[in-house]
Ligand code: GLU
């Protein structure tokens, strides 16, 4: 009998306990749907672990984990180009520091609210644990919409944002990075403002430009890492990216570098999207065009077809999942792939899903993939490459040196391979072989829970 085999009665008790704690989380965080879903997704994996390790229940680990150590909300006033005063709301959740300084990105998007920030921060705890790096979980952002704003407006907003946030962060305290709406330009402005107030503490942000403390490979890391993870899943079935048709949603830096790496491994990328619609290119998406349009010129993906006449543009980004493909990489945003889309993908013969975005598949869509035997690489494992290289950026800043692109890429590959292995091992140890969502949740959870217990009731 394996050490993890538990009595049915213990499993039922653990399930009841998890439900009780989940109900309390819902009651305490009413209307926070995204946060509730993120908690449910983790908690649903944990009954077998709790049944085999009752001390996690005695130590009230679930109750402690679901409550952020700290949640900061603040006013961000700024002046737009028409000399009008604007007011946005800023957030930083410092969710869990059991493994190290809080670490996680900042998202600037009109949909940002406390629920979205808490869902992302909660996910980040377990994702960061899986990387094996000494980083806790945090997240932040604002309901500021960078779309259509001038460079000067972006600068004025970010300077105001940091004039409040600076007092809560620091290289050994909390290290923000990018996320949706926050890339190299925004990190640069925020780092500049932080430096004016606090002095040069290079390690306070990650995702900096390579000329002033940033790490090579950071921009590519989330997309590359996602493809490395899917490569591991395919490899276990004796398969690969070679000659596969791939659909990648989004056209931000996760999507762009997932497309680039998948193409490098022999796949044809036939579609990508932005929030307005998607493009389909039977010749294979020209990644350089997408990169220039989105990263340099900051234009819409619809403009791709003007340069590639065989490509077509389709309004409505969620319909991208109607395209027949072997591999789907949702790299845009949360809940972009629902149950209906999951059924369509399965009917069209999809073999593998790799989540580059945070929580892109709904809980119901994930159930469809699992019950159809489709390989499913869950976000907190498959997209952990970005934050993993962020942690490598912190190391390089502390050591005052910089590794080459190849060195960082090799470390990223090793980390993604370890995350895959840990997820497989945990899924097998707790009787759910093949379910990498459960495996990743369990492996991440145990690391954080054990550190919390070792550090006492804090
Ligand atoms: N926002 C990214 C994520 O969701 C990166 C975070 C970081 O590098 O700190 O993991």
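Miscellaneous remarks
- Any chance residue 136 is free of Cβ contacts under 8 Å to residues at least 60 places away in the same chain, on the phi > 0 side of the Ramachandran plot and either within 12 Å of the ligand (Cβ to nearest atom) or out of contact with any strand residue (DSSP E or B) (no Cβ under 8 Å at 6 or more places or on another chain) (or both): no
- Residue within region 413-426 that is more than 26 Å from residue 217 (Cα to Cα) and buried (at least 18 other Cβ atoms within 10 Å of the Cβ) present: yes
- Extreme residue, surrounded by the fewest Cβ atoms within 10 Å (Cβ to Cβ), among residues of region 382-396 that are touching a residue at least 24 places away in the same chain (Cβ under 8 Å) and more than 9 Å from the ligand (Cβ to nearest atom): 396
- Across region 115-133, the number of residues qualifying as within 16 Å of residue 392 (Cβ to Cβ) and near the ligand (Cβ under 10 Å from one of its atoms) comes to 3.
- Selection status of residue 157, over 17 Å from the mean Cα position of the chain (by Cα), part of a helix (DSSP H, G or I) and crowded, with 24+ Cβ neighbours inside 10 Å: yes
- Hits in region 235-252 (condition: surrounded by fewer than 22 Cβ atoms within 10 Å (Cβ to Cβ) and in contact with a strand residue (DSSP E or B) (Cβ under 6 Å, 6 or more places away or on another chain)): 244, 245
- Where strands (runs of 3 or more DSSP E) fall wholly inside region 273-367, the ranges with 1 or more residues that are touching a strand residue (DSSP E or B) at 6+ places or on another chain (Cβ under 6 Å) and surrounded by 24 or more Cβ atoms within 10 Å (Cβ to Cβ) are 277-280, 327-329, 352-354.
- Residue that is within 12 Å of the ligand (Cβ to nearest atom) and either over 17 Å from the mean Cα position of the chain (by Cα) or touching a residue at least 12 places away in the same chain (Cβ under 8 Å) (or both), where the choices are 90, 178, 148: 178
- Condition check for residue 186: within 16 Å of the ligand (Cβ to nearest atom) and out of contact with any strand residue (DSSP E or B) (no Cβ under 8 Å at 6 or more places or on another chain): no
- Some residue of region 374-381 being outside any helix (DSSP H, G or I) and within 16 Å of the ligand (Cβ to nearest atom): yes
- Candidates in region 192-219 are the residues that are assigned to a helix (DSSP H, G or I) and buried (at least 24 other Cβ atoms within 10 Å of the Cβ); of these, the one that is nearest to the chain's Cα centre (by Cα) is 218.
- Set 233, 242: member being under 23 Å from residue 336 (Cα atoms) and more than 16 Å from the ligand (Cβ to nearest atom): 233
- For region 262-272, filtering for residues that are in contact with a helix residue (DSSP H, G or I) (Cβ under 7 Å, 6 or more places away or on another chain) and crowded, with 21+ Cβ neighbours inside 10 Å leaves 4.
- Cβ pairs under 8 Å, 6+ apart, first in region 204-229 and away from the ligand (no atom under 14 Å from the Cβ), second part of a loop (DSSP other than H, G, I, E, B): 210/216; 210/402; 216/402; 216/403; 216/404; 227/241; 227/265
- Residue 35 vs. criteria in a helix (DSSP H, G or I) and closer than 30 Å to residue 158 by Cα: yes
- Some residue of region 397-409 being within 13 Å of the ligand (Cβ to nearest atom), at pLDDT 95 or above and either surrounded by 15 or more Cβ atoms within 10 Å (Cβ to Cβ) or closer than 29 Å to residue 335 by Cβ (or both): no
The values are calculated or read from the model by the stated rules, or taken from the named source; none is laboratory data. In this text, all values refer to a predicted model and were calculated from it rather than measured experimentally. So basically every Cβ, Gly included, is an ideal-geometry build from the backbone, and we count neighbours across all protein chains shown.
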